[in-house]
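Okay, so here's the structure we're looking at.
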Amino acid sequence: MALKFNVLEIKQFRAIRQLKIDGLGRVNLLTGRNNTGKSSVLEAIRLLASEGSPSVIYDILRSREEDMGETGESTPPLDADGLFQLSSLFPGFPRFSAKLAPIVIAATGGSHPMNLSLQPDWVTEERQPDGSRKLIPQPLHPSDEQKIVPALVQEIVPALIIATSNKGQIVLLELMQRYAYSRRTLRSEIDEQPIPCLFVSPYGGERTTALGPLWDKIALSDNEKDVVAALRIIDPEISGVSMVGGAGSRPTRTAIVRAAGISRPVPLRSFGDGVNRLFGIILSLVNAKGGLLLIDEFENGLHHTVQADAWRIIFKLAVDLDIQVVATSHSWDAIEAFQQAASEVPEEGVLIRLSRRGQDIIPTLFSKDEMAVVTLDHIEVR
């Protein structure tokens, strides 16, 4: 099965001025020191796969506490820079009043080429003969002193222009500020994406309540066995897993497991962070069938003794379910475990080191033989 893409290009996104990674594989591990753009690459792929979905943008901002908070209260009109919480997505945290180059993200060289452009600009709302309103980009920017008024008034307002090869969309910055996007369910966000793209955050094992919709998608399918097999890497006594709650007197969802020596099902949380981390990774993986899985800081919560087996099941399911995986790590144990698993399917794994040279981020790809040398001689690639 062909990869979704093997070339990724990112321009003007966060600290990345320009980056091209050529030679991606089915399972990819990004390494490098802090502030070399590893997490930013994952965010760029999320944006690309969602075609610039406002809900994904909001989730990315919120994960780094870059959003303006969730409030439904009416507030006085803000100027463009007050509304421009997207500033953190552009190099140097620019003001909206500056003429900004667009964020451009493209994936090519595979079965699912994609491209995305995000351009802040000024727009006007024009009422159409049928009573609807249409947003029209403006070639000239108003002065900094011009008052920005609510969108109901037909005047110039700041917006984000989102363009892909398939469609264009204009989103008012005023709407980006609102809390509504954060209220969208995980299920609807996944279903709306042109290609399945699941993201596993670095913050532990993910809250099991958020994993309920993912479990519902694979419940009573063969993928349940894959999830149990993954959990048994850490605790061989586990024989079954399920999710309960979500209705009646128990509105929240809880993962429970059956294990040898325990007479009744118990919460998965009782088995520690490692089991919960792996549950979130593998449940996301089997839900990414035919698409992409992104894992930030793979090693979090996983003891070094189980990491090679965890990578092995990721490699196996990625091949079986036609999934392309991109993960990050700054742990030597995770890199060594990745090399062990990749050596068993050498055509599938790619190790990529990101390093900074001035304002540029430079990717270095390691072949199968080079990965073996790296781990044998403990060459620093983090």
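Computing FRET efficiency as 1/(1 + (r/R0)^6) for GLN128 and THR164, where r is the C-beta to C-beta distance and R0 is 22 Å, gives about 0.35. Per-peptide packing, taken as the mean over residues of other Cβ atoms within 10 Å, places 272-280, 258-266 in the sequence 272-280, 258-266 from highest down. Between ASP360 and ALA2, the contour length at 0.36 nm per residue exceeds the Cα-Cα span by 125.8 nm. In summary, the lysines within cross-link reach of LYS134, defined as a Cα separation below 26 angstrom excluding same-chain residues under 8 places away, comprise LYS99, LYS147, LYS167. Modelled this way, with points 7 Å down the Cα-to-C-beta line, the labels at TRP332 and PHE93 are 3.5 nm from one another. Annotation: amide H of PHE199 within the under-5 Å range of LEU294, sequence separation 5 or more or interchain, hydrogens built in the peptide plane. Going 7 Å from the Cα of VAL319 toward and past its Cβ, which residues in the range 329-346 have a backbone nitrogen under 20 Å from where you end up? Backbone N within reach: 336-346. Note on ARG232 and ALA219: the extension gain reaches 2.9 nm, defined as 0.36 nm multiplied by sequence separation minus the Cα-Cα distance.
Set the Förster distance to 45 Å, then compute FRET efficiency between GLU347 and SER63 from the Cβ-Cβ distance, nearest 0.05. With a Förster radius of 45 Å, E is 0.85. Between LEU175 and ASN115, residue separation times 0.36 nm minus the direct Cα-Cα distance comes to 19.2 nm. With the simple model of a label 7 Å out from the Cα in the direction of the Cβ, LEU135 to ILE262 spans 4.8 nm. If R0 is taken as 35 Å, the Cβ-Cβ distance between GLU370 and TYR203 corresponds to a FRET efficiency of 0.65.
What is the range 1-57 by shape, rounded, prolate or oblate, if you read a ≥ b ≥ c off the alpha carbon gyration tensor as root eigenvalues and call it rounded for a/c under 1.5, prolate for a/b larger than b/c, and oblate otherwise? Because a/c hits 1.5 or more and a/b fails to exceed b/c, the range 1-57 counts as oblate.
A short reminder: the numbers here are calculations on the coordinates, not readings from a lab. Computed from a predicted model, the values in this text were never measured in an experiment. No Cβ is skipped: glycine too gets one built from the backbone with ideal geometry, and neighbour counts run over all protein chains shown.
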